[in-house]
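Participant: First, the structure itself, so that you have it in front of you.
The values are calculated or read from the model by the stated rules, or taken from the named source; none is laboratory data. Worth saying up front: this structure is predicted, and the values here are computed from it rather than measured. FYI the Cβ positions are ideal-geometry reconstructions off the backbone, even for glycines, and counts take in every protein chain you see.
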């Protein structure tokens, strides 16, 4: 094995290491490289932030669009459900209406009316002597007396007057 004389200092007795001064031009170049590296790192960091921000915005927009689609689909579903219920109600009402029309046609026959009036209600067919004719062209009703009009008391006030 080959050993080289490296002059390593081991231990804690080192007070101040010797530094060799650099050439000012090399030192300036070194500082410029440090600044360039720092600027490059800053630009890369800003680029990553911008990309992360764009990704976050895209995710948020997609989430909002998804929620809007779900909301609109929900509204469409509710409208379809209401439409189905209304169609069902209309069909039920139409069937009830048809049943009532059939019942009305059965009951509206004059012979059925006459027979049910004679059997169930005990009515008889009137003769010419039983018929009384009334002329509705003239005033057949007694006019209101002026006392009842002048009194003007309500029914409630008349009841209170009667009790007290």
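Participant: Scan segment 106-115 residue by residue and report those that are surrounded by 10 or more Cβ atoms within 10 Å (Cβ to Cβ) and either on the phi > 0 side of the Ramachandran plot or assigned to a helix (DSSP H, G or I) (or both). Spell out how you get there, then give the answer.
Facilitator: Going residue by residue through segment 106-115, those that are surrounded by 10 or more Cβ atoms within 10 Å (Cβ to Cβ) are 107, 109, 112-115.
Hits for segment 106-115 are 107, 112, 113, 114, 115.
Participant: Can you report the number of residues in segment 116-162 which are part of a loop (DSSP other than H, G, I, E, B), surrounded by 10 or more Cβ atoms within 10 Å (Cβ to Cβ) and modelled with pLDDT of 85 or more?
Facilitator: Residues flagged as part of a loop (DSSP other than H, G, I, E, B), surrounded by 10 or more Cβ atoms within 10 Å (Cβ to Cβ) and modelled with pLDDT of 85 or more within segment 116-162 amount to 1.
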